[in-house]
Amino acid sequence: MERELITLGIETSCDETAVALLRGRAEILASVVASQTDLHEKYGGVVPELACRRHVETLPLLVREAFARAGIGKEQVGLVAVTQGPGLVGALLVGLSYAKAFAWARRLPLVPVNHIEGHLAAGFVARPDTPLPAVALIVSGGHSELFHMERPGALVKLGSTRDDAAGEAYDKVARLLGLGYPGGPVMDRLAREGRAVYPLPVALHGADTLDFSFSGLKTAVKNLVRALEKEGAPLPVADIASSFQRAVVEALIRKTRLALERVRPASLIVGGGVASNSALRAAVETLGKERGVVVTVPPLELCADNAVMIAASGAMRYLADPANPAWRDFLALDALPSWPVGE
Ligand code: KG4
Ligand code: ZN
């Protein structure tokens, strides 16, 4: 039954509407993602009200598309998994309401999923045999966190950002450089073209903490841009991007190395939108070799927000405890905009 279970996954926590159909724990039957970048880019960030309305319009269309791509009927679904938080409250409610209606109408169980645990679950879709215990580095637009995962569902937070998330820092610096939103992908491309000639600070690097901090780096870039603008020459955008990227990756790697030294896990799992970053992907592979741990980094389409990871996280929790009455008693579930993990 376990390998045949088909899970419908729904993700609407921020500015991506996503639907997936997953068989078992890791067989992707369909994954569709509709990005709202076009809607938000002129504001330089996500506008919550606009995001909610777009989710309402897009979600039913994506569900239809997912079933068409998978070539299966709705009656074949055995489980519904949906992001309950963290995220934008109105956006979460769109997905949650849809999922409740879908499950209730068909008498199906529903598992509410934490978005951050979803990013972690993407690692197990990419490599189902990832050995435990693991250290997980989750880096996205809203989160930069290190966890110790002893077994599925047992997470302990080791550190997190004290101010901006890594992706948020990318987005803010990109905006400063006039590169648009979201900033990560374009900064990553420019960084590869430039040279990291400007020394920028790596916050908390000597400290004995597993926390991150990126706001000082952002301010340092702002000051650098101001100083270079005074010189009057065109801004060396690629060199700035390259210097910034080196500092971000250095900060992430130092704390991840410290976590690996403390926990001595069997593997390192990396996830979240910033895990798409070329320099970070290369650096974690090197770190894994240095520390002798298995490194699991999902393919790009599973790093950015998607619903495969939500379906996978839901299926993992359900299959570990299928008789739990909570999966049948879901109508009163509310969105959890700031749902902490592993604390
Ligand atoms: O996980 P995600 O899709 O959404 C959140 O849950 O936040 O992450 C989006 C973030 C954005 O801040 C984006 O700029 C960043 O991931 N990002 C990147 C790259 N691709 C996306 N940051 C650095 N390098 C990239 N290649
Ligand atoms: Zn995310």
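The values are calculated or read from the model by the stated rules, or taken from the named source; none is laboratory data. All values derive from a computational prediction rather than experimental measurement. Every residue, glycine among them, receives a Cβ derived from its backbone with ideal geometry; neighbour counts consider all protein chains shown. Just so you know, the surface numbers come from the protein's heavy atoms only, side chains and all, with ligands and any DNA or RNA stripped out. Shrake-Rupley method; radii C 1.70, N 1.55, O 1.52, S 1.80 Å.
Pop out the ³J(HN,Hα) list for the stretch 174-187 in order, Karplus 6.51 cos²θ - 1.76 cosθ + 1.60 with θ = phi - 60°, rounded to Hz; leave Gly and Pro as x.
My calculation for the stretch 174-187 gives 4, 5, 4, 8, x, 9, x, 10, x, x, x, x, 6, 5 Hz in order.
If you roll a 1.4 angstrom probe over the protein chains with everything in place, what fraction of the accessible area of the chain belongs to carbon and sulfur, to the nearest %?
Here it works out to 53 percent.
C14: accessible area at probe 1.4 Å, nearest 10 Å²?
The value for C14 is about 40 Å².
I'd like the FRET efficiency for R189 and E75, computed as 1/(1 + (r/R0)^6) with the beta carbon distance as r and R0 of 51 Å, rounded to 0.05. Each step should come with its number before you reach the end.
Values: r = 45 Å, r/R0 = 0.87.
Calculated transfer efficiency: 0.70.
When the Debye formula is applied to the Cα atoms of the chain, each taken as the same point scatterer, what base-10 log of I(q)/I(0) results at q = 0.06, 0.07, 0.14 Å⁻¹?
Summing over Cα pairs of the chain leads to -0.21, -0.29, -1.10.
Could you give the accessible area per residue of the chain, probe 1.4 Å, as a whole number in Å²?
In whole numbers, the chain has 43 Å² accessible per residue.
Using a Gaussian network for the chain with springs between C-alpha atoms less than 10 Å apart, which of these wobbles most: E145, E231, E301?
E231
Please give the peptides 54-61, 201-208 ranked by average Cβ packing (other Cβ atoms within 10 Å per residue), highest first, as a rough proxy for protection.
Ranked by mean Cβ neighbours within 10 Å, highest first: 54-61, 201-208.
How many lysine pairs are close in the chain, with Cα atoms under 18 Å apart and the two 8 or more places apart or on different chains?
On the way: K42/K172; K74/K100; K157/K255; K172/K218; K172/K222; K222/K230; K255/K289.
For the chain, qualifying lysine pairs total 7.
Quick one: Debye curve from the C-alpha atoms of the stretch 117-175, no solvent, what's log10 I(q)/I(0) at q = 0.14, 0.23, 0.26 Å⁻¹?
Summing over Cα pairs of the stretch 117-175 leads to -0.44, -0.91, -1.04.
If you bin the C-alpha pair distances of the stretch 1-126 every 5 Å from 0, what whole percents do you get?
The distribution over the stretch 1-126 is 2, 11, 21, 24, 21, 12, 5, 2, 1, 0, given as percents.
Calculate one ³J(HN,Hα) per residue across the stretch 123-139 by plugging θ = phi - 60° into the Karplus curve 6.51 cos²θ - 1.76 cosθ + 1.60, and present them in order as whole Hz with x for glycine and proline.
x, 7, 6, 5, 9, x, 9, 3, x, 10, x, 10, 9, 10, 10, 10, 10
Over 17 Å apart: what share of the alpha carbon pairs of the stretch 203-293 falls there, rounded to a whole percent?
57
Heavy atoms only, 1.4 Å probe, whole protein assembly: order W339, W327, W104 by accessible area, highest first.
Heavy-atom accessible area, descending, gives W104, W339, W327.
Taking a 1.4 Å probe, which of T37, T219 shows the most accessible area, and what order do the others take after it?
Order by accessible area, largest first: T219, T37.
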